[in-house]
Amino acid sequence: MNRLAKASLAIIGSLSIGAAALLGLAPTSGNAHPEAVATMLPPRQAEALIAATTGPQAAVAQAVGKDAQLINASLPFSGAPVQAASAFTVADSSLDHRRALLCLTQAVYYEAGFEPVEGRRAVAQVVLNRMRHPAFPKSVCGVVYQGSTGPVCQFSFVCDGALYRRPSQGAWTESARVAEAALDGYVERSVGEATHYHADYVSPRWAPMLAKVAKLGAHIFYRWPGAWGTPAAFTGRYIGEPNDPLALRPAPRAATVAGTSGDIGLPMIAAGPPIARAANDVGGLLDTSKGWTLDIPKPSDSGSAAALIAAQEARPVAKSAPSLTAVAASAASSLVASR
């Protein structure tokens, strides 16, 4: 164990206590009393918690790699019961459904597309939990694309260039199935009302501020502390999907990186998932003000298969409600055709 890991383990308790003191909370631990968990957050403390988990500092890590895994393992799970979220549905014949399905499929695929199915379902659940929580936008696409015009993207794939790369069709189709089920009322009970998560090979500074509720695959899931993390807080009213996902997507940024590989054309990194992330991607967050590098191919580099998909995308859309397979194929096509 190196000195960084030892130092991090030595201060992990004080970090938890210090974060709790900042927010006026009892420390989260396996012995946490239910009444302490359900304490209401005063407005100023709630604002501090939002700033710590969604602002520029949210993309700062204590450690990465093995050191991060050690720190993450030392942070105990909450002792409070995991309460399942209520089911959410969107009419499958509506424009709102088609837009929500694309955005949720993107989140599932780019965040957990090669994780076990429970991990994919958990990511979809987090998006829907956020949508119904007062701290986040009230549409599925609004949640997924939150921060795309600011310094910190809430989901790194929105701003790190991943959307401009061709996805793996098989994993995309499976992600679409998970998203479809979530929009049709499926609830991933294992993560309860979780609104945050991060990969186990990074240790974000905000982790001790939240209640650790589950680990699925390579991701660790958290909920808000206090009453903000109970079902009673998730009363936000869904407003539909007022924006086309393509209109929400930030423009590609010119950058280069050496050595790309994989069936989806992304740079591969030793410590990360099959879908690579920018170096300053922490817990799903990306601080765009710190810089990142990724090769964005020109349309002329897309190849004949992409050109064929783009041509097909230009055909008139059928008037009848599309099937799941058709929606998934169309959504995948739009990722390439929009380049």
Just give me the residues in segment 148-179 being in a loop (DSSP other than H, G, I, E, B) and touching a helix residue (DSSP H, G or I) at 6+ places or on another chain (Cβ under 7 Å), in sequence order. S148, P151, Q154, F155, C159, R166, P167
Hey, can you tell me all the residues within segment 180-210 that are at pLDDT 95 or above, part of a strand (DSSP E or B) and hydrophobic (A, V, I, L, M, F, W, C)? none
The conditions are (1) at pLDDT 95 or above; (2) touching a Lys or Arg at 6+ places or on another chain (Cβ under 9 Å); (3) outside any helix (DSSP H, G or I); (4) surrounded by fewer than 24 Cβ atoms within 10 Å (Cβ to Cβ), and I220 fails exactly one of them. Which is it? (4)
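When you check A214 against the structure, is it surrounded by fewer than 17 Cβ atoms within 10 Å (Cβ to Cβ) and either in contact (Cβ under 8 Å) with a residue 60 or more places away in the chain or assigned to a helix (DSSP H, G or I) (or both), yes or no?
no
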Output for segment 119-135, where each listed residue is assigned to a loop (DSSP other than H, G, I, E, B) and open to solvent by 10 Å² or more (accessible area, probe 1.4 Å): R132, P134, A135
Mind checking which residues of segment 226-242 are open to solvent by 10 Å² or more (accessible area, probe 1.4 Å) and either among the aliphatic types (A, V, I, L, M) or assigned to a loop (DSSP other than H, G, I, E, B) (or both)? A227, T230, A232, A233, F234, T235, G236, R237, Y238, I239, P242
Pair list, Cβ under 8 Å, 6 or more apart: segment 66-82 residue within 10 Å of S203 (Cα to Cα), other residue part of a loop (DSSP other than H, G, I, E, B) and hydrophobic (A, V, I, L, M, F, W, C): L70/M1
Could you grab me the full set of residues in segment 90-118 that are more than 20 Å from the chain's Cα centre (by Cα) and loosely packed, with under 15 Cβ neighbours inside 10 Å? A91, S93, S94, L95
Say we look at segment 52-78 and pick out the residues that are farther than 19 Å from V213 by Cβ, aliphatic (A, V, I, L, M) and modelled with pLDDT of 80 or more; which of these is most open to solvent (accessible area, probe 1.4 Å)? V64
Test G142 against the criterion of being in a helix (DSSP H, G or I), closer than 29 Å to A247 by Cβ, in contact (Cβ under 8 Å) with a residue 60 or more places away in the chain and open to solvent by 10 Å² or more (accessible area, probe 1.4 Å), and give yes or no. yes
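Yes/no per residue for (1) hydroxyl-bearing (S, T, Y); (2) in contact with a Ser or Thr (Cβ under 6 Å, 6 or more places away or on another chain):
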residue: H97; (1), (2): no, no
residue: R121; (1), (2): no, no
residue: K138; (1), (2): no, no
residue: V144; (1), (2): no, no
residue: G150; (1), (2): no, no
residue: C159; (1), (2): no, yes
residue: P167; (1), (2): no, no
residue: A171; (1), (2): no, no
residue: S175; (1), (2): yes, yes
Is segment 259-274 home to any residue that is at pLDDT 95 or above and either open to solvent by less than 20 Å² (accessible area, probe 1.4 Å) or of a type in the set (V, I, T) (or both)? no
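The values are calculated or read from the model by the stated rules, or taken from the named source; none is laboratory data. The shown structure was predicted, so the numbers you read here are calculated from the model rather than taken from an experiment. Note that we place each Cβ from the backbone using ideal geometry, even for glycine, and neighbour counts take in every protein chain shown. The accessibility values were calculated without ligands, DNA or RNA, using every heavy atom of the protein model including side chains. Shrake-Rupley method; radii C 1.70, N 1.55, O 1.52, S 1.80 Å.
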